Each structure stands twice: as structure tokens, then as C-alpha cells.
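Below you'll find the structure, written out as C-alpha cells, and then a few comments.
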Amino acid sequence: MNTNYFLNCVAGNLFHTKEAPAIPAQYYIGLSSSTPAIDGSGVTEPSTDAGYRRLLLNSLSEPVDGLVSNENDINFDESTANWGTITHYVIYDSPTADDGNLLMYGELSTPRSVETATIMTIKSGYLKLLAQNPA
């Protein structure tokens, strides 16, 4: 799902009606234990004190029929404390929770409990990213 912020950013830049902010040059994937909202709120990321950090999305496929996916596994750092039950992935335009905008999010097919000493992985081809929302 795309947030309103991201859809407006893409449309404004594409049609040159509002080009600030620009389409992000880099995207960062994170995790959430709560359901994000289309307005960009509702995200609960694990604590950085527990070994969590967003990761740069740097292995995305070329689009096919408007769809982009991850070409490689995405391995988060090993947790140093419990992250709770992860239910969603989130994509931001910033590597840190201190700033940035939520752009996209999706529900995991199976929630995952991330305990201490766990490496959370998003398997190759799992992400299915579109610059539109399902009808």
C-alpha cells in the first residue's frame, strides 16, 4: 500500500505540478509490529537499542507491468533484545526513525515473533511494490 504522501509526491513530480519534495533517491525498509495507516501514521518499529535499524533497499528488480520486487534476501541485523511480533514491512525515505516519511507498507503473510538473537529475513521476490494502490 502507498501512503497519500508518496502518491502525491509521485503524481506531482510526474506531471510537474508539485516537484517539491522530489521523488526520493533512496528507499529504506523497516519493520512494524502495528498496522500503518494510509496517512503515514500507526507504525511501531522495534527499538534501535534492541539491534534494529532500517536497511537500504538496493537490490530491486526492473519493473515488469509496473511491479518491482526484491532480487535478494533482505537480512536485518541480529536482534539483541525482543522486537515483539512483526506484522508489517514499511518503506521510508530516511534511514532513521528521527526523520523521513512513510512511503509504502505491506502486511507480512505470516507475523513473525522476533526474540533475542533472531535474524529477520525478507526472502528474495517477497516484496511486490507498485506505484499505485489496489482498487
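The values are calculated or read from the model by the stated rules, or taken from the named source; none is laboratory data. Predicted model only: the values in this text are computed from it and were never measured. Note that we place each Cβ from the backbone using ideal geometry, even for glycine, and neighbour counts take in every protein chain shown. Accessible surface areas use protein heavy atoms only, side chains included; no ligands, DNA or RNA. Shrake-Rupley method; radii C 1.70, N 1.55, O 1.52, S 1.80 Å.
Dipole size of the chain about its Cα centre, with +1 on Lys/Arg Cβ and -1 on Asp/Glu Cβ: approximately 220 debye, rounded to the nearest 20.
In percent, how large is the relative contact order of the range 1-66, given Cα pairs closer than 8 Å and 6 or more residues apart?
Numbers: 62 pairs, mean separation 18.9, N = 66.
With pairs under 8 Å counted, the relative contact order is 29 percent.
The Cα center of the range 9-81 and the Cα center of the range 92-129 differ in position by 8 Å.
The solvent-accessible area of ILE38, taken with every protein chain present and a 1.4 Å probe, is close to 70 Å². From helices alone, the chain scores -2500 deg cm²/dmol at 222 nm; the rule is -39500 (n - 2.57) for each run of n ≥ 4 DSSP H residues, then divide by the residue total.
May I ask for the angle, rounded to the nearest 10°, between helix 4-14 and the longest principal axis of the chain, with both axes built from Cα atoms and the value confined to 0 to 90°? Taking the Cα atoms of the chain, the angle to 4-14 is about 40 degrees.
Surface composition of the chain: carbon and sulfur make up 51 percent of the accessible area, probe 1.4 Å. A 1.4 Å probe run over the range 8-69, with the rest of the protein chains in place, finds 59 Å² accessible per residue. Near LEU108, the amide H atoms lying under 5 Å from its own belong to HIS88, TYR89; only residues 5 or more places off or on other chains count, and H is placed 1.01 Å from N.
Projecting label points 7 angstrom from Cα along Cα→Cβ for SER61 and ASP39 puts them 3.5 nm apart.
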